[in-house]
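The block underneath contains the structure these notes are about, expressed in structure tokens.
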Amino acid sequence: MRLGINLGYWGAGMDADNLAVAREADRLGYSVCWAAEAYGSDAPTVLTWVAAHTERIDVGSAILQIPARTPAMAAMTAATLDLLSGGRFRLGLGVSGPQVSEGWYGVRFDKPLSRTREYVEIVRKAMSRERLTYEGEHWTLPLPGGPGKPLKLTVHSVRERIPLYIAAIGPKNLEQTGEIAEGALLIFAAPECLEDTALAPLRAGREKAGQTMDGFDVCPTVPLVLGSDNGIDALADVFRPYTALYVGGMGSRKQNFYNRLAQRMGYEKAAAEIQDKYLAGDKDGAAAAVPRELIDSTTLLGSVERIADRMQAYASAGVTTLSLAPAGSTREERIAALRAGVDALEHAGLA
């Protein structure tokens, strides 16, 4: 099992720290550094900056939002970043959510599965540098009845096929991801139930495409905080607001994919309470309603030895790249967590 680092969103007052964390991850041998985007910093600019200041670590988008750019633009970005980084780019895609898609980009959040499939097909075709034509439900290239003509990408990426990942949560999206991508970007992944919540549908998609799970990258992002094994409750409290935000406040009551995931993990009653309180404006109450077991099972908490045990559980469950999101209010704390991740991986016998 390999280690990655997820920087999250840029521009939260930790810009210099993020770059220092990325450079330390590069030095320590982490395999990939991911950056996110929502409605603030964009991922490609951040990844270009990181790639310019590192030497070996891959840089990946987690994610490029599908409603934010046309598929041809995503292909241009991927090819350019792969070229500039010397063949170190990984393309992560996702549909985002209805609030961001419709509120920020003005794109209807409809038929996300077929939209993702068409998007990936166009991106693949564009990056293959054949003349781009496409007739689908969501995109038609060139537009009919106008001056447009089939064009081909003029930039040569370093690799013929850039690794493509999809951020997937729901069973149908996971199955499609297994079918059309090289990797899955997961969140709130608990090794104890990963088979049911992610791997089974991914495997079904791979089988549909005539493939096995060999070479497919199962890549969850897992928050990490170092501390005493006698104080796990206090360490878990660090992530209560974060978990409550996603389970309770991401999306509408009817369209919250993280809430549905928590339900599939066996937390139906808690998920409903968290959402009710969060949507009523009681964020503290929502955080208090998050079960400690939910946090503990989806994060890495405690000593290096305890984290190593959890890493073994992730590897046994089928995770191939474990991307860490180290917590800490200072650069030194986050870098210490990065180093602890390497120590834990070695302690677990997985390095």
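The values are calculated or read from the model by the stated rules, or taken from the named source; none is laboratory data. Just so it is clear, the model here is predicted, and its values are computed rather than measured. No Cβ is skipped: glycine too gets one built from the backbone with ideal geometry, and neighbour counts run over all protein chains shown.
Brief remarks follow.
- Tabulated pairs, the stretch 23-51, first under 16 Å from residue 80 (Cβ atoms), second of a type in the set (Val, Ile, Thr) and not in a helix (DSSP H, G or I), C-beta under 6 angstrom, 6+ apart or interchain: 47/59; 50/59; 51/59
- Qualifying residue in the stretch 179-195 (condition: without any contact (Cβ under 8 Å) to a residue 60 or more places away in the chain, within 18 Å of the chain's Cα centre (by Cα), surrounded by fewer than 19 Cβ atoms within 10 Å (Cβ to Cβ) and closer than 25 Å to residue 312 by Cα): yes
- Selection of the stretch 237-255 for residues being surrounded by fewer than 22 Cβ atoms within 10 Å (Cβ to Cβ) and either aliphatic (A, V, I, L, M) or not in a loop (DSSP other than H, G, I, E, B) (or both) yields 237, 238, 240, 241, 242, 245, 246, 249, 250.
- Any chance residue 314 is in a helix (DSSP H, G or I), under 29 Å from residue 332 (Cβ atoms) and aromatic (Phe, Trp, Tyr): yes
- Cβ-Cβ under 7 Å pairs, at least 6 apart or on other chains, the stretch 1-19 side under 19 Å from residue 224 (Cβ atoms) and surrounded by 22 or more Cβ atoms within 10 Å (Cβ to Cβ), far side at pLDDT 95 or above and of a type in the set (Asp, Glu): none
Results for (1) part of a loop (DSSP other than H, G, I, E, B); (2) among the aliphatic types (A, V, I, L, M), shown as yes or no for each residue.
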position: 9; (1), (2): yes, no
position: 17; (1), (2): no, no
position: 20; (1), (2): no, yes
position: 25; (1), (2): no, yes
position: 33; (1), (2): no, no
position: 59; (1), (2): no, yes
position: 67; (1), (2): no, no
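- Residue check for residue 104: within 26 Å of residue 334 (Cβ to Cβ) and touching a residue at least 60 places away in the same chain (Cβ under 8 Å): no
- Of all the residues in the stretch 207-236, those that are within 21 Å of residue 172 (Cβ to Cβ), surrounded by fewer than 17 Cβ atoms within 10 Å (Cβ to Cβ) and either in contact with a Pro (Cβ under 8 Å, 6 or more places away or on another chain) or not small (Gly, Ala, Ser) (or both) number 5.
- Scanning the stretch 76-101 for residues that are assigned to a helix (DSSP H, G or I), touching a Leu at 6+ places or on another chain (Cβ under 9 Å) and crowded, with 20+ Cβ neighbours inside 10 Å yields a total of 5.
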